[in-house]
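The values are calculated or read from the model by the stated rules, or taken from the named source; none is laboratory data. Just so it is clear, the model here is predicted, and its values are computed rather than measured. Every residue, glycine among them, receives a Cβ derived from its backbone with ideal geometry; neighbour counts consider all protein chains shown.
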Amino acid sequence: MPDRLLYEYAVLRIVPRVEREEFMNVGIVLYCPSRGFLACISEVDRDRMSAFARETDLAEVEDYLSAFRQICEGNRQCGSPIAALPAASRFRWLTATRSTILQTSKVHPGFCTDPEDTLKRIFEQQVK
């Protein structure tokens, strides 16, 4: 039996009006410490988002998701000092509770044999 690897993930959510606590899932961030794996996938369904919250600036949402992705990847050119932190610290920072338009769910643990495949599978289940 292949080694089972511990991973943690959170769902990326767009919360257009924080006071209403309504959200739309737009991505997944997954961290697997034993592999040093930290990655995210996101996609905004523009038609669905427009129907959900037509006043939301979709270009702004894409910018937030791009910044999130760059920090996740450790891209130091993005201008955020968080991107220079170790993967575990970046994951904890990215999944910290916040009251902004881009939020994450609580962190969920699991076991997998391939973090990349697991990220894609969870994305299909939770976002698509």
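Worth a mention:
- Annotation note: of ALA83, ALA51, the sole residue that is free of Cβ contacts under 8 Å to residues at least 24 places away in the same chain and crowded, with 18+ Cβ neighbours inside 10 Å is ALA83.
- Considering region 28-62, the residues that are assigned to a loop (DSSP other than H, G, I, E, B) and β-branched (Val, Ile, Thr) include one that is farthest from the chain's Cα centre (by Cα), namely THR56.
- If you go through region 86-128 and keep only what is crowded, with 18+ Cβ neighbours inside 10 Å, of a type in the set (A, V, I, L, M) and under 26 Å from LEU58 (Cβ atoms), you end up with LEU94, ILE101, LEU102, LEU119, ILE122, VAL127.
- Residue count for region 94-128, restricted to those that are aromatic (Phe, Trp, Tyr) and farther than 14 Å from PHE37 by Cβ: 1.
- If you check LYS106, LYS120, LYS128 for being under 17 Å from the mean Cα position of the chain (by Cα), modelled with pLDDT under 95 and either assigned to a strand (DSSP E or B) or not hydroxyl-bearing (Ser, Thr, Tyr) (or both), only one passes: LYS128.
- Taking every residue in region 3-16 that is under 21 Å from GLU62 (Cα atoms) and pairing it with any residue that is crowded, with 18+ Cβ neighbours inside 10 Å and among the small types (Gly, Ala, Ser), at least 6 positions away or on another chain, the pairs with Cβ-Cβ distances below 6 Å are LEU12/GLY27; LEU12/SER42; PRO16/ALA53.
- Single unsatisfied condition, ASN25 versus (1) in a strand (DSSP E or B); (2) of a type in the set (S, T, N, Q); (3) more than 23 Å from TYR7 (Cβ to Cβ): (3)
- Tallying residues that are of a type in the set (A, V, I, L, M, F, W, C) and without any contact (Cβ under 8 Å) to a residue 24 or more places away in the chain within region 58-80 yields 5.
- Residues in region 63-85 that are among the polar types (S, T, N, Q) and more than 23 Å from PRO33 (Cβ to Cβ) were compared, and the one that is modelled with the lowest pLDDT is GLN77.
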